[in-house]
Amino acid sequence: MAFLDNSGDIILDAILTETGRRRMAQGTFKITKFAVGDDEIDYALYDKNNGGGPAYYDLEILQTPIGEAGLQLNYGLLTSLAPDILYMPVTRINELKLGLNSVRSSGGMFYVVDTSGDLSGPGDTTIEQGLSTAAIEYMKGTATPNANYVFLETGLDVAFGQVPLGTQPNQQSYLIANQLVDNTFYCFSDSRFFGGMQGGGGASVFANNGKNHSLKASIRLVNTQRTTITMGLDNYKGARVKAIRNQIYYYGDGNDTEESYSVIGGPRSAAMVVSPVVKSGLSPQYALYGFTNQTGIVAAFNVDYIDTTIYVVGSTTGTTAQIPVRIIRRTV
């Protein structure tokens, strides 16, 4: 729904979800919950230096045209009874070299291999070998406990060393006390390309409480559970991924290591990992949705690839992240 209150009357333009439409057709429709978002608002337009005074600070925002209501809210608003919340958590992809199985992007894409094009002859180069030679990190695309993954963190993204500092007391007061910690995440991927998703298990740890605040981390991958929750994109299916408690802290003792392990500068709330499983029988999809017989990525042979996006959404805060993914195989 969308509205702009500049006339004394508020007119709501609301749309129903698929479930709402079905229940309306069945005669059982009842409004029990609604969602709002501010996707169309560019807060950079707020001009606190406007010479006209406070009445003009938000003038450009108020004059923003209101678009048509849509089911997909990229930035849903959060219901909270706390009137003093100054910071909201964000999600960031951690591409630091942590000594874990986390991968870094190449050319802005996270690579997932499809081995269906590999040849079995002696001396034949596989897609994994080709990517390794090209210094491209990748995920295996299979459901294995030691697979590589994309590592993400959530927290208050202020600059390192700035208030609020990433201490454990600040984690408690800014995040936990205000119920701004996500215990689970929803991971949405295109079901035409992926047959499943792996995430962190309950035994996973991410902390810097070792000797001299060194990293103590262990990520255990498990298969995730599918969820009926949708995000309004055709062909996208959701999976519930368990969060990992983020115990990277600023200690203030002159031996701080937070910047070596974390991409969040302020108090941190959670971490999570994503490792997609490539769907079997993907061969016809490369010509339909991707590119075939491409050169320049792997030196030893041509490749086929499909570019897609995985979306991660916090179940409590609604904080979101987009993971650009490239599924790649050796051209058959």
- Query: If you scan segment 41-65, which residues turn out to be surrounded by 12 or more Cβ atoms within 10 Å (Cβ to Cβ) and within 30 Å of D234 (Cβ to Cβ)?
  - Reply: I41, T64
- strands (runs of 3 or more DSSP E) contained in segment 176-257 and holding at least 1 residues within 15 Å of G314 (Cα to Cα): 184-190, 194-200, 225-227, 236-242, 244-247
- Item | Filter result for the condition that a residue is more than 21 Å from S116 (Cβ to Cβ), among the β-branched types (V, I, T) and modelled with pLDDT of 95 or more, over I297, I310, I248 | I248
- Task: Considering only residues that are in contact (Cβ under 8 Å) with a residue 40 or more places away in the chain and among the charged types (D, E, K, R), look in segment 108-139 and name the one that is surrounded by the fewest Cβ atoms within 10 Å (Cβ to Cβ).
- Result: D118
- Query: When you scan segment 151-173, how many residues do you find that are among the aromatic types (F, W, Y) and either under 13 Å from Y249 (Cβ atoms) or surrounded by fewer than 23 Cβ atoms within 10 Å (Cβ to Cβ) (or both)?
  - Reply: 1
- Message: Could you go through segment 20-41 and let me know if any residue there is outside the structural domain of D157 (by TED's automatic domain parsing), touching an Asp or Glu at 6+ places or on another chain (Cβ under 9 Å), at pLDDT below 90 and in a loop (DSSP other than H, G, I, E, B).
- Response: no
- Note on the structure: Scanning segment 156-175 for residues that are of a type outside the set (A, V, I, L, M, F, W, C) and either in contact with a helix residue (DSSP H, G or I) (Cβ under 7 Å, 6 or more places away or on another chain) or part of a loop (DSSP other than H, G, I, E, B) (or both) gives D157, G161, Q162, P164, G166, T167
- Query: Do the conditions hold for T308, that is, is it part of a strand (DSSP E or B), among the polar types (S, T, N, Q) and over 25 Å from the mean Cα position of the chain (by Cα)?
  - Reply: no
- Message: Could you list, ordered by first residue, the pairs with Cβ atoms under 7 Å in which the first is in segment 317-332 and in a strand (DSSP E or B) and at pLDDT below 95 and the second is of a type in the set (S, T, N, Q) and surrounded by fewer than 21 Cβ atoms within 10 Å (Cβ to Cβ), at least 6 apart or interchain?
- Response: T320/N74
- Note on the structure: All conditions in (1) within 21 Å of the chain's Cα centre (by Cα); (2) at pLDDT below 95; (3) acidic (D, E) are true of E153 except (2)
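The values are calculated or read from the model by the stated rules, or taken from the named source; none is laboratory data. This is a predicted model, so every value here is computed, not measured. Glycine also receives a Cβ, built like all others from the backbone with ideal geometry; neighbour counts cover every protein chain displayed.
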